[in-house]
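The values are calculated or read from the model by the stated rules, or taken from the named source; none is laboratory data. All of these numbers come straight from a predicted model, not from anything done at the bench. As a convention, Cβ positions derive from the backbone with ideal geometry for all residues, glycine included, and neighbour counts pool all protein chains shown. In case anyone asks, the SASA skips ligands and DNA or RNA and just uses the protein heavy atoms, side chains included. Shrake-Rupley method; radii C 1.70, N 1.55, O 1.52, S 1.80 Å.
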Amino acid sequence: MAFVANVDGNWDLFMADDNGKNPVRLTNTLYDEKDPCWSSDKKRIVYATSDGHLNIVDIGSKETFQIAVGNAKTTKISPCFSPDGKQIAFAQFRPPEEGDDTDLMIHDLETKTSKRVLDQPAIQMWPAWSPDGSRLVYANMHCSSDCGRLIQELWVADPEGGWARQLLMINSLCQQPVWSPDGRNIAFSSDKSGNYDIWVLSLEDWQLKQITMDEGLDVSPAWSPDGDKLAFVSTRSGKMEMWIKDLKSGKVRRLRPFGERNVECKDVAW
C-alpha cells in the first residue's frame, strides 16, 4: 500500500506491504506529497504536491517526473490512474479571477495532452475510475456558505464528457470515493451521521452501509485488491493513523509502519 507520512516535518510518500510493515520512502522533497494512486500493474504511483503539481514515481527505479504541466499554472489535485495506465484523471482549479471552481481533467500519458471532461459549475474533486474504465465517480460541491454548511454529493460521469449524473442526495459532505475491485460498490467518507465515517454504496441495490462508527475522524478509504477489506485513515487513537477493517469478520486493526515511533500517516492507497 502507498501512503503519506510525516516522519521529519514534511509529508512524504511511502509504500509498505499489505500489513503496513517494511515502509520504503519514495520521496524526500521540500513540498508535501498527497493523494497517491497506484497504477493497476503496481509499477507506478501518481501523486500531487503542495506546490500544485502532479508527479509520477516509478517504483522500480524510484525516479519521479512531473506530468500535465501545460500552460495552466493553477493547482492540480487528486490524480488517479485509468485502469489501462494510459491516462490520469485529476481536478484542476480555475484561475482565481473565475472564482472558487475546478474542472475535471484527463491527461493522456502517451500524447502528453490534457482535456477537460465536463463544464460543470462549482468544485469537483477526487475523480476515480471504474474498474472497466467506462465511468468516473467524483465529489461535486453543491452548497457552502448559502446552506450554512458544506454539502458535497457523489456524481458519476462519462470520461469522454458525454454525460454526468448525481449518484446520491444525502445532504452531507461526501469525499474521496473509490470503486471496489469488482465495480459493484463505491466506498467514501461522509459526515452523514454527524461525524466523518466510512460508507459503502451498493450499485446493485443502491443501499448505503455505514462501515465505521467511531467518534474519531475516519477518511480516505482504500479497497484491498480482493475487495474483502477497507483501509482508511482515522484519528481514533489521538493522531492520524492507518487502520484496516475486514468486511467479513468486522474486525478492525491499526497499522504501525514505523513501529512505536509517533508518526502520523494519511492518504492511504491500496
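Using only alpha carbon positions, build the gyration tensor of region 43-117, then give the equivalent ellipsoid semi-axes as the square roots of 5 times its eigenvalues, largest first, whole angstrom. Mind showing how you got there, number by number?
On the way: eigenvalues 98, 35, 20 Å².
For region 43-117, the semi-axes come out at 22, 13, 10 Å.
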(message) Exceeding 29 Å between C-alpha atoms, which entries from my cross-link table qualify? They are Lys21/Lys192; Lys192/Lys229; Lys73/Lys209; Lys115/Lys248; Lys34/Lys73.
(response) Lys21/Lys192; Lys73/Lys209; Lys115/Lys248
(request) Assign unit charges at the C-beta atoms only (+1 for Lys and Arg, -1 for Asp and Glu), then state the dipole size of region 6-138 relative to its Cα centre in Debye, rounded to the nearest 20. (result) 280 debye
(request) Using only the Cα atoms of region 1-130, build the gyration tensor, take square roots of its eigenvalues as a ≥ b ≥ c, and label the shape rounded, prolate or oblate: rounded if a/c is under 1.5, else prolate if a/b is larger than b/c, else oblate. (result) prolate
(request) Give the Kirkwood hydrodynamic radius (Å, one decimal) of region 201-244, defined as one over the mean of 1/r across all pairs of different Cα atoms. (result) 11.6 Å
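When a/c is below 1.5 the answer is rounded, else prolate if a/b is larger than b/c, else oblate, so apply that to region 155-202 with a ≥ b ≥ c taken from the square roots of the Cα gyration tensor eigenvalues.
Numbers: a/c = 2.66, a/b = 1.50, b/c = 1.77.
It is oblate, given that a/c is not under 1.5 and a/b is not larger than b/c.
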(request) Provide the descending list of Cα extents for region 132-188 along its principal axes, expressed in whole angstroms. (result) 38, 24, 14
(message) From the Cα trace of region 53-186, what convex hull volume per residue do you get, rounded to a whole Å³?
(response) 122 Å³
(request) Between Arg236 and Gln207, take the C-beta separation as r, use R0 = 22 Å, and let me know the FRET efficiency to the nearest 0.05. (result) 0.30
(request) Please give, to one decimal in nm, the separation of the simple spin-label points placed at Glu97 and Trp163, each 7 Å out from Cα toward the Cβ. (result) 3.8 nm
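Relative contact order of region 12-74: what whole-number percent is it, with Cα pairs under 8 angstrom and at least 6 residues apart?
Value for region 12-74: 20 percent.
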(request) Evaluate the relative contact order of region 146-266 (contact order divided by residue number), counting alpha-carbon pairs under 8 angstrom at least 6 apart; express in whole percent. (result) 14 percent
(request) Work out the charge dipole of the chain with +1 on the Cβ of Lys and Arg and -1 on the Cβ of Asp and Glu about the Cα centre, then indicate which of Val252, Val117, Ile67 is farthest towards its positive end. (result) Val252
(request) Step through the residues of region 53-62 one at a time and calculate ³J(HN,Hα) from phi using the Karplus curve (6.51 cos²θ - 1.76 cosθ + 1.60, θ = phi - 60°), rounding each to whole Hz and writing x for Gly and Pro. (result) 9, 10, 9, 10, 10, 8, 5, x, 8, 6
(request) Determine, from the Cβ-Cβ distance of Tyr31 and Ser61 and an R0 of 22 Å, the FRET efficiency 1/(1 + (r/R0)^6), rounded to the nearest 0.05. (result) 0.60
(request) State the answer as a single residue: which of Ser78, Cys143, Gln92 lies farthest towards the positive end of the charge dipole of the chain, with beta carbon charges of +1 for Lys and Arg and -1 for Asp and Glu, about the Cα centre. (result) Ser78
(request) Taking the Cα centre of the chain as origin, sum charge times position over the Cβ atoms of Lys and Arg (+1) and Asp and Glu (-1), and report the length of that vector in debye to the nearest 20. (result) 560 debye
(message) Quick check: pseudo-label points 7 Å beyond the Cα along Cα→Cβ at Val24 and Arg254, how many nm apart are they?
(response) 2.7 nm
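How large is the convex hull of the C-alpha atoms of region 137-266 per residue, in Å³? Walk me through the numbers on the way to the answer.
Numbers: hull volume 17.6 nm³, N = 130.
Given the Cα convex hull of region 137-266, per-residue volume reads 135 Å³.
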(request) Take the solvent-accessible surface of the protein heavy atoms, probe 1.4 Å, and return the percent of it on the chain that carbon and sulfur atoms account for. (result) 47 percent
(request) With all protein chains present, calculate the accessible area of Ser202 using a 1.4 Å probe and round the result to the nearest 10 Å². (result) 20 Å²
(message) Give me the percent relative contact order of region 1-156, please, defined on Cα pairs under 8 angstrom at least 6 residues apart.
(response) 12 percent
(request) With a/c under 1.5 counting as rounded, go ahead and sort the chain into rounded, prolate or oblate using the C-alpha gyration tensor (a ≥ b ≥ c being the square roots of the eigenvalues; past the cut-off, prolate if a/b is larger than b/c, else oblate). (result) rounded
(request) Could you do me a favour and compute the accessible area per residue for the chain, 1.4 Å probe, result in Å²? (result) 46 Å²
(message) Quick check on packing: order 185-192, 255-262, 125-132 by the mean number of other C-beta atoms within 10 Å, highest mean leading.
(response) 185-192, 125-132, 255-262
(message) So, taking all protein chains as they sit and a 1.4 Å probe, how much accessible area belongs to Met105, in Å² rounded to tens?
(response) 20 Å²
